[in-house]
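The values are calculated or read from the model by the stated rules, or taken from the named source; none is laboratory data. If you're wondering where the values come from, they're calculated on a predicted model, not measured in any experiment. Glycine also receives a Cβ, built like all others from the backbone with ideal geometry; neighbour counts cover every protein chain displayed. Side chains are part of the model used for accessible areas, which takes the heavy atoms of the whole protein and leaves out ligands, DNA and RNA. Shrake-Rupley method; radii C 1.70, N 1.55, O 1.52, S 1.80 Å.
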Amino acid sequence: MKTNRVILASASPRRQELLKQIGISFEVMPSQKEEKADFSEPRKLVEALSAQKAEDIREQTADDAALVIGADTVVCCDGMVLGKPKDEEDACRMLSMLQGRKHQVYTGVTLCWGRERLTFSERTEVEFYPMSREQILFYISTKEPMDKAGAYGIQGLGAMWVKGIEGDYNNVVGLPVGRLYQEMTARGLLDGGCQ
């Protein structure tokens, strides 16, 4: 079933840019539902949260011809899940934990169309160069870390401290669009090319 309407259940400008990058036409309808999931395992957590967002918008639209895309991203370091920082002190705590080390970024994606649903996730490993306290405080002063999982944006100033990555770069930005495109195409949701 090829869909004529794609809805992104996220207000993230980064996810919007990534969808535009691969030529998918879409509308934005962020889920306002309170996110609740009791998983400590990051893969299960992001999959559950992405499903909640997508299902919320599917219920609101009640359009069987629409494809809804929900996504959620977290950073994980030493088994601790890091979402978006609550404040500057929290951002400082997160960046101090990540500096000079490796961590993992998980993004869960859920597609809802008709009565169907598909949920998957991707994991990318990121290594940071060491950061001094002054560098951390400077970075926080730019406000870039404040709305990002793990308190950094790899596509922005945060790139200054990225030593290397293993896996999908776009997954760290917030949406593994390569995998997303493959899953959509495999299910006939796109006609070979993009919309």
Within region 43-59, tally of residues that are under 12 Å from Lys33 (Cβ atoms), open to solvent by 30 Å² or more (accessible area, probe 1.4 Å), in contact with a strand residue (DSSP E or B) (Cβ under 9 Å, 6 or more places away or on another chain) and of a type outside the set (Lys, Arg): 2
Enumeration of residues in region 22-42 that are modelled with pLDDT of 95 or more and open to solvent by less than 30 Å² (accessible area, probe 1.4 Å): none
Index of the failed condition, Glu125 passing every other in (1) free of Cβ contacts under 8 Å to residues at least 60 places away in the same chain; (2) out of contact with any Asp or Glu (no Cβ under 7 Å at 6 or more places or on another chain): (2)
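Yes/no per residue for (1) among the polar types (S, T, N, Q); (2) part of a strand (DSSP E or B); (3) in contact with a Cys (Cβ under 9 Å, 6 or more places away or on another chain):
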{"residue": "Gln16", "(1), (2), (3)": "yes, no, no"}
{"residue": "Gly23", "(1), (2), (3)": "no, no, yes"}
{"residue": "Glu35", "(1), (2), (3)": "no, no, no"}
{"residue": "Gln60", "(1), (2), (3)": "yes, no, no"}
{"residue": "Gly70", "(1), (2), (3)": "no, yes, yes"}
{"residue": "Val74", "(1), (2), (3)": "no, yes, no"}
Pairs with Cβ under 8 Å, 6+ apart, first in region 92-109 and part of a strand (DSSP E or B), second open to solvent by 40 Å² or more (accessible area, probe 1.4 Å) and of a type in the set (Ser, Thr, Tyr): Gly108/Thr119; Val109/Thr119
For Gln155: the one exception among (1) assigned to a strand (DSSP E or B); (2) under 22 Å from Leu180 (Cβ atoms); (3) of a type outside the set (A, V, I, L, M, F, W, C): (1)
Asp147 vs. criteria modelled with pLDDT under 95, in contact with a helix residue (DSSP H, G or I) (Cβ under 8 Å, 6 or more places away or on another chain) and surrounded by fewer than 20 Cβ atoms within 10 Å (Cβ to Cβ): no
Region 82-91 - residue that is touching a helix residue (DSSP H, G or I) at 6+ places or on another chain (Cβ under 6 Å) and open to solvent by less than 50 Å² (accessible area, probe 1.4 Å) and, of those, modelled with the lowest pLDDT: Gly83
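Taking Ile136 as the residue in question, decide whether it is open to solvent by less than 20 Å² (accessible area, probe 1.4 Å), outside any loop (DSSP other than H, G, I, E, B) and within 25 Å of Asp90 (Cβ to Cβ).
Details: open to solvent by less than 20 Å² (accessible area, probe 1.4 Å): yes; outside any loop (DSSP other than H, G, I, E, B): yes; within 25 Å of Asp90 (Cβ to Cβ): yes.
Against the criterion (open to solvent by less than 20 Å² (accessible area, probe 1.4 Å), outside any loop (DSSP other than H, G, I, E, B) and within 25 Å of Asp90 (Cβ to Cβ)), Ile136 qualifies.
Out of all the residues in region 60-80, which are over 19 Å from Glu183 (Cα atoms), of a type in the set (A, V, I, L, M) and either open to solvent by 50 Å² or more (accessible area, probe 1.4 Å) or in contact with a Ser or Thr (Cβ under 6 Å, 6 or more places away or on another chain) (or both)?
Applying the first criterion (over 19 Å from Glu183 (Cα atoms)) to region 60-80 yields 60-63, 74-80.
After this cut, where a residue has to be of a type in the set (A, V, I, L, M) as well, the list is 62, 74-75, 80.
Within region 60-80, Ala62, Met80 qualify.
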